[in-house]
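Report on the structure given below.
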Amino acid sequence: MAGKRHNRNAVAVSDLATEILDPVLRRRAGISIGLVQSWEEIVGPRLAKSSRPEKIQWPRRLHDDDPFEPAVLVVACEGAAALHLQHETGEIIGRVNAFLGFSAIGRVRIVQKPVSPPSSGPKPTPRALSQDEKTRLSTTVGKIEDDGLRASLERLGATIVGMRKPKS
């Protein structure tokens, strides 16, 4: 550890997640997280709501001197949007290749399946806190000097305690 410098600057969580997920996605699906994140810009908001890139299937090369062959982009798509996507495959191939910086994609294969996560229903609301719970929470966060931080932590604590069953 001696001589090793640590960067103490704040880093966005999304940047850390990208650094972690990008190599995994490349290995497992042959796709970069940048392509997934930019999907709406590539296909437009109408198609992005009902489709997402799944993976890039690269053709097997038996020898290093085999000629380059473009890959197949597998896109998951919901129901009727598959027809719209199919009509725009030429445009999508061009945009994905422009995004990647070379003619990587030669075909698009559409796989019909649900894309959007199922709605989980209404979110549960926390119960009202008892006077004892309110007092205990105020005492716990009362030593924090910053008013905004103290108020935020008190709201968070009220939500957490309010989601638990009351003690009998």
Can you give me the long-range amide H partners of residue 54? Hydrogens built in the peptide plane at 1.01 Å from N, cutoff under 5 Å, separation of 5 or more residues or another chain. 74, 75, 76
Output needed for region 53-168: three equivalent-ellipsoid semi-axes, defined as square roots of 5 times the C-alpha gyration tensor eigenvalues, in descending order, whole Å. 56, 20, 13
Once phi for every residue in region 67-75 is put through the Karplus expression 6.51 cos²θ - 1.76 cosθ + 1.60 (θ = phi - 60°), the whole-Hz ³J(HN,Hα) values, with Gly and Pro written as x, are x, 5, 10, x, 8, 10, 8, 8, 10
Would you mind checking 55/113; 49/113; 134/167; 49/123 for any pair whose Cα atoms are more than 18 angstrom apart? 49/123
Note, ³J(HN,Hα) from phi for region 134-144, Karplus 6.51, -1.76, 1.60, rounded to Hz, x at Gly and Pro: 4, 5, 4, 5, 4, 5, 5, 9, x, 7, 7
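Bear in mind that the values in this text are calculations on the coordinates, not laboratory data. In this text, all values refer to a predicted model and were calculated from it rather than measured experimentally.
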